[in-house]
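Undergrad: There's a structure below that I have some questions on.
Quick note: the coordinates plus some simple rules give every number you see, no bench work behind them. Just so it is clear, the structure is predicted and the values come from calculations on it, not from any experiment. We place every Cβ from the backbone using ideal geometry, glycine too, and count neighbours over all the protein chains shown.
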């Protein structure tokens, strides 16, 4: 079966990483892939090109017109796929218009929540409304989380098209690693016995770094030996908005800002507690990846977080720094051995529910079903 994927861009976000992992899991000879990127080359372009024929159309964000739809239609006809799979809202819209008179069936993939839609750009909000109007056109709308599916159905997305397939992870790569723990702690000048709380998240209003830093200031008052690590695009000393928040928290000597990194499994291994401070998510990769590395999590109750974490960590209300700090305190009180045992339970939960292989089987089954229906 040949599948042509259409995606808005190939930055390092959740949907883009999910596409990479799917391409790497569903391999020839059973599956052949092509990828059409509406934008230009980006962080994950080289990785995608290793698994699929890749086309970058170089469209301007938010400014696509009829000529761009025609170009996309031409590429899709050239690829002659059995199925077209669109990822992210702008690609949903462009793909649906491009295949309107074609016979090929198409799908949408949603890796976004509507909890914090006010922080999305005005054009993006308009595209989401158009998605809702056109949502009966795709054969399926695939959501990464049940909460996201419910939110979009309430917003007007066609309920009859809903399917939920959670994200998946390679638990050989995301695994406990004592050597990486020692190496990263030495690199970051963190004491071996320090309690380290880390968060992997790009700086964006939805990720609520202010909530994290307020919680850190609160926690630090009772745990003066704690250290805090922020990883992700924008989490760097040259970000003036973040720097102002850090100044208010008065944590500079106990805070490490690493920016965008590609060695996330090793960084997770260096954490004692992984956290998520978001006020809106669908299926946050950062939580499941840390769990797979044997690190217990304290995360805000957004998207499917409560289902992912279960009884292997702490789930607290969003926008509540005191609750986030209290969750860290409960895990800190367990001691190193207690956290290690909890982390191993968290890893087992990911292995049982959220592996790449399980996700790949679900996608393979769905692709076959849609093709047979067509």
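Undergrad: If R0 is 25 Å, what FRET efficiency do you get for residue 362 and residue 173 from their C-beta distance, rounded to 0.05?
TA: The calculated FRET efficiency here is 0.80.
Undergrad: Using the alpha-carbon atoms, what tilt in degrees (0 to 90, nearest 10) does helix 335-353 show relative to the longest principal axis of the chain?
TA: With rounding to tens, the tilt is 10 degrees.
Undergrad: Once the convex hull of the alpha carbons of the range 250-291 is built, what does its volume come to per residue, in cubic angstrom?
TA: It is 110 Å³ per residue.
Undergrad: Right, something else. Note down the nm distance, to one decimal, between modelled labels 7 Å out along Cα→Cβ at residue 371 and at residue 193.
TA: Distance between label points: 6.0 nm.
Undergrad: Quick one: helix 321-332 against the long Cα principal axis of the chain, what's the angle to the nearest 10°, folded into 0 to 90?
TA: The helix 321-332 is inclined about 70 degrees to the chain.
Undergrad: Additional query: Using only the Cα atoms, what convex hull volume per residue in Å³ does the chain have?
TA: Per-residue hull volume (Cα only) is 131 Å³.
Undergrad: Now for a separate question. Angle between the Cα long axis of helix 356-373 and the longest principal axis of the chain, 0 to 90 degrees, nearest 10?
TA: Compared with the principal axis, the helix lies near 20 degrees.
Undergrad: Follow-up question, since we're still on this one. Figure the gain on full extension for residue 261 and residue 248 (residue separation times 0.36 nm, minus the Cα-Cα span) and round it to one decimal in nm.
TA: Gain on stretching residue 261 to residue 248: 2.1 nm.
Undergrad: Give me D for the range 178-353 in µm² s⁻¹, whole number, from Stokes-Einstein with Rh from the Kirkwood sum over alpha-carbon pairs, 37 °C and 0.692 mPa s.
TA: D = 209 µm²/s.
Undergrad: What is the extension gain from residue 333 to residue 63, computed as 0.36 nm multiplied by their sequence separation minus the C-alpha to C-alpha distance, in nm to one decimal?
TA: 91.9 nm
Undergrad: Report the label-to-label distance for residue 70 and residue 311 in nanometres (one decimal), using points 7 Å from each Cα along the Cα→Cβ vector.
TA: 6.2
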